[in-house]
Amino acid sequence: MWHAPGGTFSNWVRVRARGARAAPSKLEHYGIRGTFKTLINSYLIERYQRVTITEKNNIHYSNWELVKHGVPQGSILGPLLFLLYINDLPTVTAKNAKVVLYADDTSLIITSTNYTEFVTKLNNVFLDVQEWFRDSLLFLNLNKTTYLQFLTKNSQNLDLNNTWNNQITNSTKTKFLGLTIEETLSWKAHINQIMSRLSSACYAIRILTPIMTEDTLKMIYYAYVHSIITYGIIFLGRFTTQ
């Protein structure tokens, strides 16, 4: 039986420039009404900002400009409002793909046991997502979006024609939440990467050993070695050299 899973890994770096300004329209959908909604509206609407440049003893200010889109940068509410704004994306692709959202990193997982159905699902997902982006006044960062086709030893890599005018890169590996994921899920690339980082950390510990106490060295170990080794261990623990 033919089986092909595929994934699109996206980053939403550019979406905050527009779209979040329309967040109040989605607040009622999540039950935010009345005084609290009015408070959020006052936080988003009629806001001004300017740029300050400090040069030695001189301080330069730009003119105050109205913030027409987005939320105040560096704010505490900004990330929460952003998550509320994109929270309905999974409902758009529910029939054809599974959506995994983590902050501004988004993954679309598409699977099928039939080649024709797989291609149809892939194209439908891209069309649905395109429409959702357009309706939500958002833009996808195509430079940080990749398509990855997961393969087994007996499966064949498919030459698929993606939408977005083929601007989405077809890759053999991608970085997702600190893990390097390969098309074969072998974890070799990720292990090679963390080995390089561990080598640097071990060198630093070796240099510091003569001048640091044991307790201090343990703190350094847990901060720069143990944290690297244990991150994603639930996945890496199933990896074998075969």
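The values are calculated or read from the model by the stated rules, or taken from the named source; none is laboratory data. All values reported here derive from a predicted model rather than from experimental measurement. For neighbour counting, all protein chains shown are included, and Cβ atoms are generated from backbone atoms with ideal geometry for every residue, glycine included. When the accessible area is computed, the model is the full protein with side chains, heavy atoms only, and any ligands, DNA or RNA have been set aside. Shrake-Rupley method; radii C 1.70, N 1.55, O 1.52, S 1.80 Å.
Scanning region 168-181 for residues being touching a helix residue (DSSP H, G or I) at 6+ places or on another chain (Cβ under 7 Å) and open to solvent by 70 Å² or more (accessible area, probe 1.4 Å) gives a total of 1.
Every residue, every condition in (1) basic (K, R); (2) part of a loop (DSSP other than H, G, I, E, B), yes or no:
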position	(1), (2)
G70	no, yes
F82	no, no
Y85	no, no
K95	yes, yes
I109	no, no
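When F118, F139 are checked against the criterion of being open to solvent by less than 90 Å² (accessible area, probe 1.4 Å) and either among the aliphatic types (A, V, I, L, M) or in a helix (DSSP H, G or I) (or both), a single residue qualifies: F118. Check region 217-234 and report whether any residue there is loosely packed, with under 13 Cβ neighbours inside 10 Å and within 30 Å of I110 (Cβ to Cβ). Among the residues of region 217-234, at least one is loosely packed, with under 13 Cβ neighbours inside 10 Å and within 30 Å of I110 (Cβ to Cβ), which makes the answer yes.
Residue-level check: of (1) within 19 Å of the chain's Cα centre (by Cα); (2) in a loop (DSSP other than H, G, I, E, B), L101 misses just (2). Of the residues making up region 182-203, those that are part of a helix (DSSP H, G or I) and either open to solvent by less than 40 Å² (accessible area, probe 1.4 Å) or touching a helix residue (DSSP H, G or I) at 6+ places or on another chain (Cβ under 6 Å) (or both) are A189, H190, I194, R197, L198, A201. Applying a threshold of 8 Å to beta carbon distances and a minimum spacing of six or more residues, or different chains, the list of pairs starting in region 100-126 at a residue that is in contact (Cβ under 8 Å) with a residue 60 or more places away in the chain and ending at one that is assigned to a strand (DSSP E or B) and aromatic (F, W, Y) reads D105/F9; D105/F176; T106/F9; S107/F9; S107/F176.
I59 falls short on exactly one of the conditions (1) over 25 Å from L138 (Cβ atoms); (2) surrounded by 13 or more Cβ atoms within 10 Å (Cβ to Cβ), and that condition is (2). Taken over region 68-115, the residue count meeting the criterion of being of a type in the set (S, T, N, Q), surrounded by fewer than 17 Cβ atoms within 10 Å (Cβ to Cβ) and either closer than 24 Å to E183 by Cβ or in contact with a helix residue (DSSP H, G or I) (Cβ under 6 Å, 6 or more places away or on another chain) (or both) is 3.
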